[in-house]
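Worksheet for the structure shown next.
The values are calculated or read from the model by the stated rules, or taken from the named source; none is laboratory data. Since we're looking at a predicted model, the values are computed, not measured. Counting neighbours? That spans all protein chains shown, and the Cβs are built from the backbone with ideal geometry, glycine included. Ligands, DNA and RNA are excluded from the accessible area calculation, which covers all protein heavy atoms including side chains. Shrake-Rupley method; radii C 1.70, N 1.55, O 1.52, S 1.80 Å.
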Amino acid sequence: MADNKLDIIPLYEWGMFTEPRPSVVAGPCSAETEEQVMETAKGLRDMGINVYRAGIWKPRTHPGCFEGIGPEGLKWLKRAKEEYGLKVATEVASEKHVVECLKYGVDLVWIGARTTANPFLVQEIADALKGTDIPVLVKNPVNADLDLWIGALERLNGAGIKKIGVIHRGFSTFDKIKYRNEPQWQVAIELRNRYPELPFFVDPSHMGGSKEYIREISQRSLDLGFEGLMIESHCNPSVALSDAKQQLTPDELSDLLYKQVVVKDKDSDSPEWKENIDQLRAKIDVIDENILYALASRMNVSRQIGEYKKSNNVAILQMSRWDKVFAKVIAKGNEYGLPDEFIKAIYSAVHETSVEIQNQVISDNS
Ligand code: PEP
Ligand code: MN
């Protein structure tokens, strides 16, 4: 199905974010106590944050964990808004949550990854928001399903919500990886290509799962040209009731934003060119990572085939099989507009290394 058009009000017209990049939403994973909400809010306001987040209802993996303070916390957010002039934001996952947020003057809501994956709930939220002009940020669904993500945006837009944006927080994976959630930047890039005007945030806290990765993910996000960051910050992370490992103090967040990440200078000699070339190169870097990962996976399978051939006493080189592989990849490559010679060169190298790996398998245990 072709993409539907989205009717989007640009980020800098929402009345809470201003250029230059990054636009930042920061605050604790969860509102825990009035003191914690107020102290963190003050720390963040003092270092230049305008939009303050705190989770009120928390979707936890296991029951029995801290599942959020509930509407009581909205009173604290309201206080932070009144005393510090912050805009306040929280996660909604149902009609009931939306109603409570509207009652307490929440300025922005986001839909969490687990909720975006559920069209019933997204529709319920969209219907509850009808007639308001509250901005909504939609996190990617937990699984890497771009259409499901876009579908959520369409549902909101269908209810008349035009201040919409997205938050990329990575995808769940069963594999052990260094981050809590796998970035799969190519999904974010594809979404940006389809909807260049869609305000785009990245959440390095939930993507990384640990404070040590927040800087590299934030830099990556800026290099890819995304406008915003959502970062968890707590006045005392070590005692946080949720996501303690990934939260920064307001001072650490200040260091990150003002001393560590490099925002490309838009006022340099040829600003547009530099901005564009950096973004294109960052995209190339992502694609190269994917190519290398695919090649490594392919060689792993070659190794398994070598072992299987060995145990069945079958010769390594079976030219008829390789002729078929060549014919297939050349035809496929042509479909993608790649010249024959290029594919032949790549696949000769792949073939050579594959045979080499299988040879090693044979000689290893003999
Ligand atoms: C959150 O932002 O606190 C949260 C629960 O995030 P996610 O939906 O990305 O897991
Ligand atoms: Mn969290």
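Of the residues making up segment 127-136, not a single one is part of a loop (DSSP other than H, G, I, E, B) and in contact with a Pro (Cβ under 8 Å, 6 or more places away or on another chain). Taking the conditions (1) more than 22 Å from Leu241 (Cα to Cα); (2) part of a loop (DSSP other than H, G, I, E, B); (3) out of contact with any strand residue (DSSP E or B) (no Cβ under 8 Å at 6 or more places or on another chain) in turn, Leu6 satisfies each one other than (3). The sole residue among Leu253, Leu280, Leu222, Leu257 that is over 20 Å from Ser172 (Cβ atoms) and either within 16 Å of ligand 1 (Cβ to nearest atom) or aromatic (Phe, Trp, Tyr) (or both) is Leu253. With respect to Val187, is the statement that it is away from ligand 2 (no atom under 16 Å from the Cβ), modelled with pLDDT of 95 or more, open to solvent by less than 10 Å² (accessible area, probe 1.4 Å) and hydrophobic (A, V, I, L, M, F, W, C) true? No; evaluated as a whole, the condition is false for this residue. Considering each of Asp127, Asp133, Asp145 in turn, give the residue that is within 16 Å of ligand 1 (Cβ to nearest atom) and open to solvent by 50 Å² or more (accessible area, probe 1.4 Å). After applying the criteria, what remains is Asp145.
Determine which member of the set Arg60, Arg45, Arg79 is in contact (Cβ under 8 Å) with a residue 12 or more places away in the chain, open to solvent by 20 Å² or more (accessible area, probe 1.4 Å) and either among the hydrophobic types (A, V, I, L, M, F, W, C) or assigned to a loop (DSSP other than H, G, I, E, B) (or both).
The unique qualifying residue is Arg60.
Screening Lys310 with (1) of a type in the set (Lys, Arg); (2) open to solvent by 90 Å² or more (accessible area, probe 1.4 Å); (3) in contact (Cβ under 8 Å) with a residue 12 or more places away in the chain gives one miss only, at (2). Looking at segment 209-227, is at least one residue free of Cβ contacts under 8 Å to residues at least 24 places away in the same chain and outside any loop (DSSP other than H, G, I, E, B)? Checking segment 209-227: at least one residue is free of Cβ contacts under 8 Å to residues at least 24 places away in the same chain and outside any loop (DSSP other than H, G, I, E, B). Among the residues of segment 211-246, those that are open to solvent by 20 Å² or more (accessible area, probe 1.4 Å) and within 12 Å of ligand 2 (Cβ to nearest atom) comprise Leu241, Asp243, Ala244, Lys245.
Among the candidates Val24, Val109, Val122, Val98, single out the residue that is open to solvent by less than 10 Å² (accessible area, probe 1.4 Å) and part of a strand (DSSP E or B). Quick ask: steps written out before the conclusion?
Details: Val24 fails: open to solvent by less than 10 Å² (accessible area, probe 1.4 Å); Val122 fails: part of a strand (DSSP E or B); Val98 fails: part of a strand (DSSP E or B).
From the options Val24, Val109, Val122, Val98, the qualifying one is Val109.
Of note, Ser363 does not satisfy the criterion of being in a helix (DSSP H, G or I) and touching a Ser or Thr at 6+ places or on another chain (Cβ under 6 Å).
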